Amino acid sequence: MIPAKPARWANIVFSKYLKRLMKRSFNSVQLLGDVPDLVPDLPVLLLPNHSTWWDGFFAYWLNKQLFQRPFYLLMLERELKKYPFFRKVGAFGITQENPKSVIKTMAYTRSLLAMDSHPLITIFPQGEL
């Protein structure tokens, strides 16, 4: 289990990078339907499908554009080791095959959900692409 290490500077840099990347890669990004009203004093657990490598970026972007909450995202530990910068923007890692890692990750996620800042935590139930 690898914990997140959010850093304000990293979020500033990553937000600018992602904005540029999305402008180059997409003609537009549109949200269909109404934006849900979130209870301000409760955390949000986002559980989307995982069909493309863009999914984590979209979750980050959605949070930045609409909800402005502290952002956390569960990644496979082997991927997080390849891209350790993502820890600085809220990613934390799990080794699915290791029961101790799963238990530690569940406890860590519970601690995030209990934070006074009421974060948005993204977990892809499929586990991988």
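The values are calculated or read from the model by the stated rules, or taken from the named source; none is laboratory data. Nothing here was measured: the structure is a model prediction, and the numbers come from that model. Every residue, glycine among them, receives a Cβ derived from its backbone with ideal geometry; neighbour counts consider all protein chains shown.
Among the residues of the range 1-55, those identified as in a loop (DSSP other than H, G, I, E, B) and closer than 18 Å to R87 by Cβ are M1, P3, A4, K5, P6, A7, W53. Taking the range 63-77 as the range and being more than 10 Å from the chain's Cα centre (by Cα), free of Cβ contacts under 8 Å to residues at least 40 places away in the same chain and either in a helix (DSSP H, G or I) or surrounded by 21 or more Cβ atoms within 10 Å (Cβ to Cβ) (or both) as the test, the residues that pass are Q65, L66.
Looking only at residues that are of a type in the set (G, A, S) and touching a residue at least 24 places away in the same chain (Cβ under 8 Å) in the range 90-113, which one is nearest to F71 (Cα to Cα)?
Here the residue is G90.
With respect to L80, is the statement that it is touching a residue at least 12 places away in the same chain (Cβ under 8 Å), part of a helix (DSSP H, G or I) and farther than 21 Å from K5 by Cβ true? Taking the combined requirement at face value, the residue does not satisfy it.
K64 falls short on exactly one of the conditions (1) out of contact with any helix residue (DSSP H, G or I) (no Cβ under 9 Å at 6 or more places or on another chain); (2) modelled with pLDDT of 90 or more; (3) closer than 27 Å to D116 by Cβ; (4) charged (D, E, K, R), and that condition is (1).
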